[in-house]
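Comments concern the structure below.
The values are calculated or read from the model by the stated rules, or taken from the named source; none is laboratory data. Note that this is a predicted model, so its numbers are computed, not measured. Heads up, the Cβs are rebuilt from the backbone with ideal geometry, glycines too, and the neighbour counts pull from every protein chain shown.
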Amino acid sequence: MGRIVAPVLIANALDPAREIRCEILVDAGTAGLVLPTAWRSRLGPPPTVRTVEMETADQRVVTGDVCGPVRIQIEGFDTIFNEVTFLDMQPRNGEYEPLLGYIILEQSRAAVDPIGQRLVRVKYYDLK
């Protein structure tokens, strides 16, 4: 599968003027929305709900702060309210690589089209 990047707006649900617009890597192996800790102050910051341990693609265990609520709008898809996890990230070539995971995609009614290398709208919520 190729690299899919989506334009996303993330806003603090308690202070909507505090927002981030960015391009985020779609990662079907990631559960939620993961942003670099360096961006946290841009959202207000939203309150910390809990601290969690996560396993990275290279099997390292790292700690992140789950914060929320935040409003998430993937361009062209449903707006949702959920949490964001802030993780200490190292920039690659001077840029961070935030991650957009499967829970956020499903709630937004977005699905990965691996052939077209894009996100497509899901007509119905899955209740099966």
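Matching residues to (1) at pLDDT 95 or above; (2) over 18 Å from residue 71 (Cβ atoms); (3) of a type outside the set (A, V, I, L, M); (4) surrounded by fewer than 17 Cβ atoms within 10 Å (Cβ to Cβ):
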{"residue": "2", "(1), (2), (3), (4)": "no, yes, yes, yes"}
{"residue": "8", "(1), (2), (3), (4)": "yes, no, no, no"}
{"residue": "16", "(1), (2), (3), (4)": "no, no, yes, yes"}
{"residue": "21", "(1), (2), (3), (4)": "yes, no, yes, yes"}
{"residue": "33", "(1), (2), (3), (4)": "yes, no, no, no"}
{"residue": "37", "(1), (2), (3), (4)": "yes, yes, yes, yes"}
{"residue": "40", "(1), (2), (3), (4)": "yes, no, yes, no"}
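Which of the residues spanning region 81-99 are in contact (Cβ under 8 Å) with a residue 60 or more places away in the chain and surrounded by fewer than 15 Cβ atoms within 10 Å (Cβ to Cβ)?
If the condition is that a residue be in contact (Cβ under 8 Å) with a residue 60 or more places away in the chain and surrounded by fewer than 15 Cβ atoms within 10 Å (Cβ to Cβ), then 81 is the only one that fits.
Just wondering, is there one or more residues in region 65-80 that are on the phi < 0 side of the Ramachandran plot, polar (S, T, N, Q), surrounded by 16 or more Cβ atoms within 10 Å (Cβ to Cβ) and not in a strand (DSSP E or B)?
No, the conditions are met nowhere in region 65-80.
Could you please find all residues in region 53-77 being in contact (Cβ under 8 Å) with a residue 24 or more places away in the chain, more than 20 Å from residue 41 (Cα to Cα) and β-branched (Val, Ile, Thr)?
Result: 62, 74.
Is it true that residue 31 is of a type in the set (Gly, Ala, Ser) and more than 17 Å from residue 4 (Cα to Cα)?
no
Among the residues of region 100-128, count how many are assigned to a loop (DSSP other than H, G, I, E, B), out of contact with any Gly (no Cβ under 8 Å at 6 or more places or on another chain) and surrounded by 13 or more Cβ atoms within 10 Å (Cβ to Cβ).
Count: 3.
Select from region 80-94 the residues that are touching a Ser or Thr at 6+ places or on another chain (Cβ under 8 Å) and within 13 Å of residue 9 (Cβ to Cβ) and list them in ascending order.
80
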